[in-house]
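Down below is the structure, laid out as structure tokens.
The values are calculated or read from the model by the stated rules, or taken from the named source; none is laboratory data. On a predicted model such as this, the values are computed, not experimentally measured, just so you know. Ideal geometry is used to build each Cβ from the backbone, glycine not excepted, and the neighbour counts take in all protein chains shown. These area figures cover heavy atoms from the full protein model, side chains too; ligands, DNA and RNA do not enter into them. Shrake-Rupley method; radii C 1.70, N 1.55, O 1.52, S 1.80 Å.
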Number of protein chains: 2
Amino acid sequence: MELLKQRILQQANVIGKDILKVDMFLNHQIDVNLLNAIGEEFFRLYSGSKINKILTVEASGIAIACITAQYFSVPVVFAKKGINSNVGQDLYCSDVFSFTKNTNTSISVSKKYLSPDDNILIIDDFLANGSALQGLINIVKQSGANLAGAGIVIEKGFQPGGTIIRRSGVRIESLAIIESMDNGNIVFG
Amino acid sequence: MELLKQRILQQANVIGKDILKVDMFLNHQIDVNLLNAIGEEFFRLYSGSKINKILTVEASGIAIACITAQYFSVPVVFAKKGINSNVGQDLYCSDVFSFTKNTNTSISVSKKYLSPDDNILIIDDFLANGSALQGLINIVKQSGANLAGAGIVIEKGFQPGGTIIRRSGVRIESLAIIESMDNGNIVFG
């Protein structure tokens, strides 16, 4: 997606070897106009898939999922991180390792909001090692819902998540795939 | 806001004396059509205020803030909880006590995304004891930005946050104010 790639080149910052900061428009400050273009593109890619629900994980994924959901006219469900006393215990759970934060987090979705009747599109901001996406896929499997595929805003193609998960048969559409960012120089695939 | 009040009566659950679960449409599953009606109402209330940025806090606030931001054509900034190694240390910080979780959390916003030129609308899902809203107001004050006001989806009028913060001179518009929910019976103000 050309608009997104241009924005990454203009405003993203590369930190060290593998951290890409997109705080200016996606992960801290949010450009809602750009999100609308992203949502429209996900709809173009998945409009034939009869999606009836979008699944994401807090926090950054929520913005993208909600704007995208408007194009599909479907609700969003977001997986919660950690154990939340405000939600009952009847949950689908999965563990996610964050390489950025070097921590293991449990994510969960109430069993009320996913069922075998659902046809799910997973939406998330990043795909790198694939731990968050694997966790969401695992939750969809537990629920018996069908997984139509995943829509990712930025994939780090030089990390293994995308390859591994595509090989397992999951459709993944990434709007910008970064092949390398050595010395701060971002190259798209 | 009648549509919202009806939805609360239909789908919210009262847990104990003071927890209102709106997981069905706002805090876990998200009804994006309802959020659009909410966003439109916030725009009606604040359309004369020349808002140039919406501030919220992760996670539930993000959905409401982003849908609302579309009506104002402005970006969203969301405060992050805890210390995040992926964001630099040049932050406005504030402490927030969660009565639901019985924990103290630090929230922060990068100094890059709030400035004295900004005219801020704070958006959040709940106002009860007011700790989260006070934390966001504190961050706006640190930045030197002007605070136009706050837009709250559900206020628990029987808890003190709204009264205390309005008394301090902050404009608060709450779309549904619950005066009591004794024995699970929700009464609006």
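Can you find a residue in region B:73-92 that is closer than 20 Å to B:Ile172 by Cβ and away from chain A (no Cβ under 11 Å)?
Checked region B:73-92: no residue is closer than 20 Å to B:Ile172 by Cβ and away from chain A (no Cβ under 11 Å).
For region B:2-56, give me each residue that is polar (S, T, N, Q) and part of a helix (DSSP H, G or I).
Passing the criteria: B:Gln6, B:Gln10, B:Gln11, B:Asn27, B:Asn33, B:Asn36, B:Ser47, B:Ser49.
Give just the number: which of (1) under 30 Å from B:Asp90 (Cα atoms); (2) surrounded by 14 or more Cβ atoms within 10 Å (Cβ to Cβ); (3) among the hydroxyl-bearing types (Ser, Thr, Tyr) does B:Ser174 not satisfy?
Of everything listed in (1) under 30 Å from B:Asp90 (Cα atoms); (2) surrounded by 14 or more Cβ atoms within 10 Å (Cβ to Cβ); (3) among the hydroxyl-bearing types (Ser, Thr, Tyr), B:Ser174 misses just condition (1).
Quick test of your reading of the structure: A:Lys53 fulfils all but one of (1) surrounded by fewer than 19 Cβ atoms within 10 Å (Cβ to Cβ); (2) in contact (Cβ under 8 Å) with a residue 40 or more places away in the chain; (3) basic (Lys, Arg); (4) in contact with a strand residue (DSSP E or B) (Cβ under 7 Å, 6 or more places away or on another chain). Name the failing condition by number.
(1)
Just to be sure, is A:Ser60 surrounded by fewer than 16 Cβ atoms within 10 Å (Cβ to Cβ) and either modelled with pLDDT of 95 or more or within 21 Å of B:Ile62 (Cβ to Cβ) (or both)?
No.
Has region A:108-116 got any residue that is touching a residue at least 40 places away in the same chain (Cβ under 8 Å), of a type outside the set (A, V, I, L, M, F, W, C) and open to solvent by 20 Å² or more (accessible area, probe 1.4 Å)?
no
Any chance region B:74-92 includes a residue that's surrounded by fewer than 21 Cβ atoms within 10 Å (Cβ to Cβ), in a strand (DSSP E or B) and of a type in the set (Asp, Glu)?
Among the residues of region B:74-92, not one is surrounded by fewer than 21 Cβ atoms within 10 Å (Cβ to Cβ), in a strand (DSSP E or B) and of a type in the set (Asp, Glu), which makes the answer no.
Quick test of your reading of the structure: A:Ile107 fulfils all but one of (1) over 18 Å from the mean Cα position of the chain (by Cα); (2) of a type outside the set (S, T, N, Q); (3) more than 22 Å from A:Gly48 (Cα to Cα); (4) not in a helix (DSSP H, G or I). Name the failing condition by number.
So the condition that A:Ile107 fails would be (1).
Please specify each residue of region A:11-40 satisfying the condition of being open to solvent by 20 Å² or more (accessible area, probe 1.4 Å) and in contact with a Phe, Trp or Tyr (Cβ under 9 Å, 6 or more places away or on another chain).
A:Gln11, A:Asp18, A:Met24, A:Gln29, A:Asp31, A:Asn36, A:Glu40, listed by residue number.
On the basis of being open to solvent by 20 Å² or more (accessible area, probe 1.4 Å), under 23 Å from B:Val57 (Cα atoms) and at pLDDT 95 or above, does A:Gln6 make the cut?
No: the conditions fail for A:Gln6.
Looking at A:Phe78, A:Phe99, which one is closer than 27 Å to A:Gly144 by Cβ, touching a residue at least 12 places away in the same chain (Cβ under 8 Å) and hydrophobic (A, V, I, L, M, F, W, C)?
The unique qualifying residue is A:Phe78.
When residues of region A:160-179 are filtered for being touching a Gly at 6+ places or on another chain (Cβ under 8 Å) and under 23 Å from A:Lys21 (Cα atoms), how many remain?
10
So if I check each of B:Ala12, B:Ala63, B:Ala37, which one is within 11 Å of chain A (Cβ to nearest Cβ) and either among the hydrophobic types (A, V, I, L, M, F, W, C) or in contact (Cβ under 8 Å) with a residue 40 or more places away in the chain (or both)?
Sole residue among the options that is within 11 Å of chain A (Cβ to nearest Cβ) and either among the hydrophobic types (A, V, I, L, M, F, W, C) or in contact (Cβ under 8 Å) with a residue 40 or more places away in the chain (or both): B:Ala63.
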